[in-house]
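Enquirer: One structure coming up, written as C-alpha cells, with questions to follow.
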Amino acid sequence: MRVIHIVLVCAVFMLAACSDGNKSGTATSSGQKLAAKDISLATLKLRNLDGSELDVTTLAGKRVFVNFWATWCKPCLAEMPSIERATELLAAKNVVMLAASDEKLERISKFIEKNSYSFNIVATEADLGILEIFALPTTFIFDEQGKLVFKETGAREWDSPESIKLINETNKL
Amino acid sequence: MKKELFGAIIVGGLILKGCAPAPSEERMPVQKLEATHLSGASLPFLSTDASGKVILSYVVDNDSSAALHFTTLADQQWSAPVKVAEDTNWFVNWADFPSVISWGDGKMAAHWLEKNWTGGTNYHVKVSRSQDFGASWNTPVTLHSDTLPREHGFVSLVPFPSGRMFASWLDGRKYPPASEHSGHDLSNEMTLMGGYVAVDGHVEGEELLDERVCDCCQTSSVLSDHGLITFYRDRSDDEVRDIAEVRWTEEGWTAPSLLGEDGWDIMACPVNGPQSDAIDEQVAVVWFTAADETPKVQLSLSGDAGEHPSVPIKVSHKSTVGRADVKLIDKDYVAVSWIEVVEETGVLKVAVFTIDGQRLEEWDITEISTERKTGFPQLTSDGKSLIIAWTSDNAVNTAMIALKEL
C-alpha cells in the first residue's frame, strides 16, 4: 500500500514537471531571463534579529538593496565593508540597505557583536533555492514599486561609482 | 556482466511517463526504508563496501554534543546503530559532514570535524580507524599537518585494497590563523590537499594537489584502475569556479584540468561540489553549475580512468539546486541523484543512464525543501538496488529502488 502511495505521489510530481508553466521573467545583471517566480520583498520572509517579522510595508516607495550572505561565506564578508561605505554614500537617498542571512538568529547576532556595520542585518526564512540563489553572496535590488529589477551573484565593490549608480538608478538591465 | 532493466511505471493500469524519453518496460517502485533510530538524525553519508554491504553514517546533534553513528543495510532493514564518536566541540555543518567507510573485512574508517577555537569557521579533520567492524575505534588523529586554527574539511575518503586509504580535503593553511575577520581578504586562497592514512591510523604522504580552489565545495576522490582521481571546484585567477580533476599517474599528480568548462564566473560560494565514482577504468562524475544564470546538473563519463572525460550530459531538466550524487551500478549503468525545482517545489530525483549517456529511467523520490537544512542527499548501490538517503522532517530518510535483473 505504501509503495503504491509513493508511486502515485511520484506521478503527480512527474506530471507537474512536464508542464511548461507560464513564468514571468526578471532581468539579471547579464540581461538573461530567470526562469523565475514573482519575487517580492514579502517572499523574502525577512525577520529582524529580535525574531520579529520585518514589516515590508515600511519599505514601500523606497529602493531596497538586499544582499544575501552568510557568516561562513568569505566573499560575503569581503564585500561587507564596501556595503558599509555604500550605505554612507546613499544616506541621503531613498534607498534602504539590507543584508539577509538564512542562518540561525543566534549565529547572526554573534557575528554582529564582532562586526559593527550600520546597514540593517536581518534574517531570512525564505528558501534560497526557490529564489534561484545558487551561490552567496547574491544581491537583489527592488525599485520603488517593489519590483525586483536587479539580481547579481557574487561579490563586488558596492561603493564604486558604477555600483552606486546601479543601486540608485537601475530599473532594468 | 550483469544487465539491469529499467522501464516506465505501471501502477494499477495507469502508465506514467516522465519528461525524459521513457522505455516501455515495467519500472520498479520506490520503497521507503524505515528505521526508528534515524529520527532526530541528519547529515547522512552512504557508501558501499567491497563485499556489497551498504553503510549509512549520520550525525545526532543535540546542541550540547554531537555523535557520529553508522548502520548497515541487510534484507531491507537498517541494523542497530553503532556509535563511532561523540564530543561537545564538533563543527556540525549541512555541507561539510562526516563519513564512515568500510572495507568489508572488518576494517573501517571515519572522519569528522573538530572545532577547538571560538569564533570563525576554524576546524580540523579527525580520522579514526576500526579493525573490528566498528566495535572499537582508534584514538582519532588529525588528518593534516597544519595545526593552526584554520578551516580544513570537505573530506573524501577512498579505501585501498591493502587497507590504507587516501583522503582529499580542502585546507586553509595559506590563510592567516583565523578570526572572524580573516575572511575579509579575498586574496586568501584555499588549497586542495591529499594524503594517506595507514591501517594503524598513521597519516603520511601529505601533498598539495591544487594551490587555489573554491573555498566551500565538497571534494570527491575515487580509485580507478589507473590510480586515484580527485574532483573539486576550481578557482581560477579570474574567479571562474568550474569543476576540475587531478589524477595520480606514474609521474605523480597531473596538473589540474577542467571538466566541461562551464564558465561559471562568480566571486561567490556555491557550496555545491562534485561527486564521483569509479569501477576499473570507468569513471562517472556529476556536478552543479549555474553559469549564465542557468542552473543545471552535469554528468561526465570516462572509459579511460578520467583521462578523456566525455562532453557533459545535462542531467537536470528546467531548474535545479544541484546537490547531486552519482553511483556506477556496474560498468554499463550509472545512477545520478539531484534536487530538481518543479513549480517552486524541490523534488529529489534519481535517474539511470547507460554508460554512453542515454537516459533510461527516472524516479521522483520525494518532495524536499531546497533549504540548507536538507543537506546533500546521498546515493549508492549494492548492484541489485539503488539506495537513497536524505534529511527532512528532523530525520534521515531512506528509500530503495530494486533493479530488475535480466
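Enquirer: Largest first and in whole Å, what are the equivalent-ellipsoid semi-axes of region B:125-168 based on the Cα gyration tensor, each being the root of 5 times an eigenvalue?
Expert: 22, 14, 8
Enquirer: Follow-up question, since we're still on this one. Would you calculate the separation in nanometres between label points at B:GLN76 and B:GLU211, each defined as 7 Å from the Cα along the Cα-to-beta-carbon direction?
Expert: 5.6
Enquirer: With unit charges on the beta carbon (Lys/Arg positive, Asp/Glu negative), name the residue among B:ALA284, B:ALA305, A:CYS76 whose Cα is farthest towards the positive pole of the charge dipole of the protein assembly as shown.
Expert: Farthest towards the positive pole: A:CYS76.
Enquirer: Considering only the other residues whose Cβ falls under 11 Å of the Cβ of B:GLN218, what net charge follows from Lys and Arg at +1 and Asp and Glu at -1?
Expert: Here the count lands on 0.
Enquirer: Could you compute how much accessible area chains B and A hide from each other, both sides summed, with a 1.4 Å probe? Nearest 100 Å² is fine.
Expert: Using a 1.4 Å probe, the pair buries roughly 4600 Å².
Enquirer: Shifting gears a bit: Which residue fluctuates most in the GNM of chain B (Cα springs below 10 Å): B:PRO377, B:PRO177, B:PRO44?
Expert: B:PRO177
Enquirer: If Lys and Arg each add +1 and Asp and Glu each add -1, what is the summed charge of the other residues whose beta carbon sits under 12 Å from the beta carbon of B:ALA291?
Expert: Its environment carries a net charge of -4.
Enquirer: Go through A:LYS62/A:LYS165; B:LYS327/B:LYS349; A:LYS45/A:LYS104; B:LYS318/B:LYS349; A:LYS74/B:LYS318 and tell me which ones have a Cα-Cα distance over 18 Å in this structure.
Expert: Beyond 18 Å: A:LYS74/B:LYS318.
Enquirer: If you don't mind, there's one more thing I want to ask. Can you tell me the equivalent ellipsoid semi-axes for region A:37-142? Use √(5λ) from the Cα gyration tensor, largest first, whole Å.
Expert: For region A:37-142, the ellipsoid semi-axes come out as 18, 18, 14 Å.
Enquirer: Here is a follow-up. Apply the Karplus parameterisation 6.51 cos²θ - 1.76 cosθ + 1.60, with θ equal to phi minus 60°, to every residue of region B:41-54 and state each ³J(HN,Hα) to the nearest whole Hz, in sequence, with x for glycine and proline.
Expert: Here the 3J(HN,Hα) series is 9, 8, 6, x, 9, 10, 8, 10, 8, 5, 8, x, 7, 8 Hz.
Enquirer: Within region A:23-169, what whole-number % of the accessible surface is contributed by carbon and sulfur, with the 1.4 Å probe and all protein chains included in the calculation?
Expert: 49
Enquirer: OK, next. Tell me which of A:LEU136, A:THR57, A:TYR117 sits at the most positive position along the dipole axis of region A:23-169, charges placed on C-beta atoms (Lys, Arg +1; Asp, Glu -1).
Expert: Checking the options against the dipole of region A:23-169, the answer is A:LEU136.
Enquirer: Still on this structure: Quick one: check the C-alpha center-to-center distance for region B:152-174 versus region B:43-76, whole angstrom.
Expert: If we compute the Cα centre of each part, the gap is 18 Å.
Enquirer: Right, next: May I have the pair-distance distribution P(r) for region B:56-214, computed from all Cα-Cα distances with 10 Å bins from 0 and rounded to whole percent?
Expert: 11, 39, 34, 14, 3, 0
The values are calculated or read from the model by the stated rules, or taken from the named source; none is laboratory data. The structure displayed is predicted, hence computed values, not measured ones. FYI the Cβ positions are ideal-geometry reconstructions off the backbone, even for glycines, and counts take in every protein chain you see. Just so you know, the surface numbers come from the protein's heavy atoms only, side chains and all, with ligands and any DNA or RNA stripped out. Shrake-Rupley method; radii C 1.70, N 1.55, O 1.52, S 1.80 Å.
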